[in-house]
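Peer 1: Have a look at this one before I ask anything.
The values are calculated or read from the model by the stated rules, or taken from the named source; none is laboratory data. Not measured: the values here are computed from a predicted model. Note: ideal-geometry Cβ built from the backbone for every residue, glycine included; neighbour counts use all protein chains shown. The protein model used for the area step is the full one, side chains on, heavy atoms only, and it has no ligands, DNA or RNA in it. Shrake-Rupley method; radii C 1.70, N 1.55, O 1.52, S 1.80 Å.
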Amino acid sequence: MKHLKWLSAILDNPKSKYGLILIALLVLFACIGPFLVVDPTQSLARPHQAPNLSHFFGTTGQGQDVLAQTIVGAGPTLFIGFTVGILVTLIGALVGVLAGYLGGLIDELLTALINVFLVIPGLPLAIILAAYLPTGMLSMILILTFTGWAWTARVIRAQTLSLRDKDFIKSAQVIGEPLWRILIIELLPHMASLLLSTFIGTTIYAIGAQVGLEFLGLGDMGSVTWGTNLYWAANDQALLTRAWWTYVPTGLSIALVGFALALINFGLDEVTNPRLTVDRIWRHRLQAMGYTFSRASVYIGQKQVHDFSQPSSPQALESAEKGGNDEA
């Protein structure tokens, strides 16, 4: 029931609700879109043809339909992004919760491993691995997972250290709960919001890193993804020929995915962050009293300070003044 209430609060939040709707539409677009467009690898018209009634997004330097490439490229890009997000979150959570809960030598070894991966620059390492490994979707997933799990593990370890001495963990230890149950049933559910936020951030990272590697020519250039779309646009001198329609749709699609995931993350933060929750409650109460807000609320120390315009009624002003005198 508690988890259902938490989920209901996320769906009631405007930011997370609109973000989820946008992501659902993009995933639906990626699933059914390829069946509604022409072959994105087939040359259909004159190269670098501007958008027109025959080709709504124009054509590429090889005469291929840009709309078809944008739609077909969404599927592999989103699949790699969400898969890497899931794998990085799972591996990071496993390593982090083991290091934080077990402590001792295991914690020292796992922390040293995490620090090694954090010190190594992720993008240069990914470029080196992509240059030597076989091209393909599986290789891209392995590369991005291998280079992206350490930060998640560090965050989860820190959260585990703050939870392992709590009463509910001590109770589970006293009654003899097995290690796997303590970690999976007792600890991880208390980090649900952190894990979801980590998954969203990792997915954004994975999509950006994949597009970046493929733009550098380190992916499967024979496939159609958002990254290869940008690679071929640059290879066909789209900037010099001012063929903006060959790269703008792909760029906007990437930005739209990032925007939708960021909305979900902001909404999740507003639901799970106690300070923001209290702020929202007070804003609703003051609005009911007749105040209208011009800026977001701020905090000074532990005291909440609202910046609002003049109240719309004398009764609201009198009530606010009375509240201020009581605080004093």
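Peer 1: Pairs, please: C-beta under 7 Å, at least 6 apart or cross-chain, first residue more than 27 Å from residue 208 (Cβ to Cβ) and in region 99-127, second open to solvent by less than 80 Å² (accessible area, probe 1.4 Å) and among the hydroxyl-bearing types (Ser, Thr, Tyr)?
Peer 2: Qualifying pairs under 7 Å: 99/111; 100/160; 101/160.
Peer 1: If you don't mind, there's one more thing I want to ask. Would you mind listing the helices (runs of 4 or more DSSP H) fully within region 117-163 where at least 3 residues are open to solvent by less than 20 Å² (accessible area, probe 1.4 Å) and not hydroxyl-bearing (Ser, Thr, Tyr)?
Peer 2: Because the criterion is at least 3 residues that are open to solvent by less than 20 Å² (accessible area, probe 1.4 Å) and not hydroxyl-bearing (Ser, Thr, Tyr), the helices (runs of 4 or more DSSP H) in region 117-163 that meet it are 137-148, 150-163.
Peer 1: Residue check: is residue 38 farther than 24 Å from residue 247 by Cα and of a type in the set (Val, Ile, Thr)?
Peer 2: For residue 38, the condition - farther than 24 Å from residue 247 by Cα and of a type in the set (Val, Ile, Thr) - is not met.
Peer 1: Which residues, taken from region 74-115, are under 16 Å from the mean Cα position of the chain (by Cα) and of a type outside the set (A, V, I, L, M, F, W, C)?
Peer 2: Within region 74-115, 77, 81, 83, 85, 89, 92 meet the criteria.
Peer 1: Continuing with the same structure: Of all residues in region 18-60, count the ones that are part of a loop (DSSP other than H, G, I, E, B), closer than 23 Å to residue 231 by Cα and open to solvent by 20 Å² or more (accessible area, probe 1.4 Å).
Peer 2: Here is the first cut: in region 18-60, the residues part of a loop (DSSP other than H, G, I, E, B) are 36-58, 60.
Of the ones still in play, those that are also closer than 23 Å to residue 231 by Cα are 37-51, 55-58, 60.
Then drop every residue that is not open to solvent by 20 Å² or more (accessible area, probe 1.4 Å), which leaves 37-39, 41-51, 55-57.
Number of matching residues: 17.
Peer 1: Out of 189, 178, report the one residue that is more than 30 Å from residue 220 (Cβ to Cβ), at pLDDT below 85, open to solvent by less than 60 Å² (accessible area, probe 1.4 Å) and out of contact with any strand residue (DSSP E or B) (no Cβ under 7 Å at 6 or more places or on another chain).
Peer 2: Details: 178 fails: at pLDDT below 85.
Within the list 189, 178, the selection yields 189.
Peer 1: Can you pull out every residue in region 61-96 that is in a loop (DSSP other than H, G, I, E, B), open to solvent by 20 Å² or more (accessible area, probe 1.4 Å) and free of Cβ contacts under 8 Å to residues at least 60 places away in the same chain?
Peer 2: Listed by number, the list holds a single entry, 64.
Peer 1: May I pose another question? Going through region 223-235 one residue at a time, which ones are open to solvent by 30 Å² or more (accessible area, probe 1.4 Å) and not small (Gly, Ala, Ser)?
Peer 2: 230, 231, 232, 235
Peer 1: Also, I was wondering about something else. Would you tally the residues in region 126-160 being of a type in the set (A, V, I, L, M) and either touching a Pro at 6+ places or on another chain (Cβ under 6 Å) or under 16 Å from residue 112 (Cα atoms) (or both)?
Peer 2: So the answer is 5.
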